[in-house]
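Step one of this worksheet: look at the structure below.
Taken together, the values in this text are just the output of simple stated rules run on the coordinates, not laboratory data. Predicted model, so just to flag it, every value in this text is computed and none were measured. Heads up, the Cβs are rebuilt from the backbone with ideal geometry, glycines too, and the neighbour counts pull from every protein chain shown.
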Amino acid sequence: PDKPVRLGPGEPARQIVPDARLLEDPNASLNLHQALQADGWYSPSGNALAFGYSLSAWWLKWQVENPLEREQTLVIDLGQPRHDLAQWYIVRNNGAQIEEIQSGDRLPFASQPLDSRNIVAPVTLRPGEQVDVIVRLTTHDGLFEAMPVTLHTEESFHRATDTENKVLMLFHGGVIALALYNLLLFFATREKSFGLYSHYLFWFLAWSLTWRGYTFQYLWPNSPDFTNNFLNVAAAGTFGSVGLFC
């Protein structure tokens, strides 16, 4: 049997890729029951999932246990805001009860189970309860981003998210300040290089905010296709503008 993963109060988040069992579905045709009955499950290596380019569906499963004598909510975080589609199944009571969650950046943001830019799944456990958590990962175009999957307590997840958002807010605020400063220098001096540098920084800002999931979360949460297409436009604008500046 698989060894269950667990977290107690105050424990830091832990990477759980080494604790997973992994199955490749080359035709992306298996349902949950067929996947669980299939041969070929194996233990992945490393601390992150890195499938590269693949048209397969990939199934992962964990046994998650609550070691406490009270109800506990744990959060499984793919560590990635740009995965296309993740179908989560929480299997309780030896399959008698199955909860399903659909998330991914090809769905409206409101479908996410938590208000998080990353793809996550909350799992609420009764005292001493053990459940199976299975996730089916597929993509729109076959490109899988690397996913350093972590398990958090609810408290540590919100604390880590808050800290990360503050750091990234400072970073993007610095980019905005630098872009505006160079734009003012351009208007004051009419020196073309200042304008081109500012142009590059605004494109970079648009790409970075989209790449990290903030534009999807806050600007156009009901337009997943636009978000994915805009990311390509912003990347092209970033490379083109830095080329002009150079």
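Extending 7 Å from Cα along the Cβ direction at Ala235 and again at Glu11 yields two label points whose distance is 3.7 nm. Report the normalised scattering of the chain as log10 I(q)/I(0) at q = 0.14 Å⁻¹, calculated by the Debye formula with identical scatterers on the alpha carbons. With no solvent term, the Cα-only Debye profile gives -0.96. Less than 22 Å apart at the alpha-carbon level, and either on another chain or at least 8 residues along: which lysines does that give for Lys61? Result set, ordered by chain and number: Lys3.
Pairwise Cα distances in the stretch 10-69 exceed 17 Å in 48 percent of cases. Each residue, Leu170 and Thr73, gets one label point 7 Å from its Cα in the Cβ direction; the gap between the two is 2.9 nm.
Each peptide in 218-224, 25-31, 237-243 receives the mean, over its residues, of other Cβ atoms within 10 Å, and ordering these scores from highest gives 237-243, 218-224, 25-31. How high is the relative contact order of the chain, in percent, counting Cα pairs under 8 Å that sit 6 or more residues apart? 22 percent. Gain on full extension, evaluated as 0.36 nm per residue between Glu154 and Gln34 minus their Cα-Cα distance, stands at 40.0 nm. The simple spin-label model puts a point 7 Å past each Cα toward its Cβ; for Thr163 and Asn93 those points are separated by 3.9 nm.
Kyte-Doolittle mean at least 0.5 and Cα extent at least 20 Å along the axis: which DSSP H helices of the chain qualify?
Result, helices passing both filters: 154-189, 224-245.
Using alpha carbons only, how many angstrom separate the centre of the stretch 1-25 from the centre of the stretch 209-246? The stretch 1-25 and the stretch 209-246 have Cα centres spaced 33 Å from each other.
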